[in-house]
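Note sheet for the following structure.
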Amino acid sequence: MKLPAFPVEGGCQCGAVRYRITAPPLSVYNCHCRDCQRTSGATNEMSMPIRRDTLERLSGELVAFDKTADSGRIVRQMRCARCGTKVWNEPQSSPALIILKPGTLDDPSWAVPIGNIWTVSRAPWFAIDPKLLNFPRQPADRQPLYDAWSAATGR
């Protein structure tokens, strides 16, 4: 898997919120929890953990919505104040991380998921590749997801 040259940029649907990430993500994976299904309106939502210090907000106002996730953890969803696009989550249990939503990247073509979490609540017809790193629920530690990403990207 080939990564782009960093920094890369992205933003919300209406263009008000713009951001830049200055370093590669720690991982990219799909989440199939009911919260992600509801907030995305889809069967799953992609997640891309990055270090908070690698994110620069360039423009736009964000609004926060705190939600208790299926895991029991508090997750702060950050959305564009104008169009409502969810741009990233701020996991309160991991303040050094931002969980960016890869669909908001200007070019998301390189953000290929290396696995799935919360497969226990996936849509029954959604095919899970058994060769990927898959977890029935929230993994106790994200390190296996980071290690799989490193192996896939050579970083």
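The values are calculated or read from the model by the stated rules, or taken from the named source; none is laboratory data. Computed from a predicted structure; not experimentally measured. For neighbour counting, all protein chains shown are included, and Cβ atoms are generated from backbone atoms with ideal geometry for every residue, glycine included. Note: accessible area is taken over every heavy atom of the protein model, side chains too, but ligands, DNA and RNA are not part of it. Shrake-Rupley method; radii C 1.70, N 1.55, O 1.52, S 1.80 Å.
Stokes-Einstein diffusion for the range 98-155 at 37 °C, viscosity 0.692 mPa s, with a Kirkwood radius from C-alpha pairs, works out to 256 µm²/s. Each helix, a run of at least 4 DSSP H residues, gives -39500 (n - 2.57); summed and divided by the residues of the chain, these come to -3500 deg cm²/dmol at 222 nm.
Considering the chain, its Cα convex hull presents a mean projected area of 8.5 nm².
Counting only the Cα atoms, the range 35-98 fills a convex hull of 87 Å³ per residue. Derived scalar couplings between HN and Hα for the range 92-102 equal 5, 7, 9, x, 7, 10, 10, 9, 6, 9, x Hz in order, rounded to whole Hz, by the Karplus curve 6.51 cos²θ - 1.76 cosθ + 1.60 (θ = phi - 60°), x for Gly and Pro.
The string of couplings for the range 36-41 from the Karplus curve (6.51, -1.76, 1.60, θ = phi - 60°) is 5, 4, 5, 6, 9, x Hz, one whole number per residue in order, with x for Gly and Pro. Count neighbours as other Cβ atoms within 10 Å of each site's Cβ, and list the GluC sites (Glu not before Pro) in the range 30-66 that are DSSP loop with at most 14 such neighbours. Qualifying residues, ordered by number: E61. Ordering R79, R57 by accessible surface, largest first, gives R57, R79; the 1.4 Å probe counts only protein heavy atoms, with every chain in place. Counting only protein heavy atoms and a probe of 1.4 Å, the accessible surface of the range 63-155 is 55% carbon and sulfur. Comparing mean-square fluctuations of C31, C80, C14 from a GNM of the chain with C-alpha springs under 10 Å, the top value falls on C14. On a per residue basis, the range 59-155 carries 53 Å² of accessible surface, using protein heavy atoms and a 1.4 Å probe. Using Cα springs under 10 Å in a Gaussian network model of the chain, which residue among D129, D53, D141 shows the largest mean-square fluctuation? Evaluated over the chain, the most mobile residue of the options is D141. Accessible surface of the range 1-61, 1.4 Å probe: 46 percent of it comes from carbon and sulfur atoms. Amide H to amide H distances under 5 Å link N116 with N30, L133, N134, F135, where only residues 5 or more positions off or on other chains count and H is placed in the peptide plane.
Taking a point 7 Å from the Cα of E9 along the Cα-to-Cβ direction, the residues of the range 46-74 with backbone N closer than 16 Å to it are 55-61.
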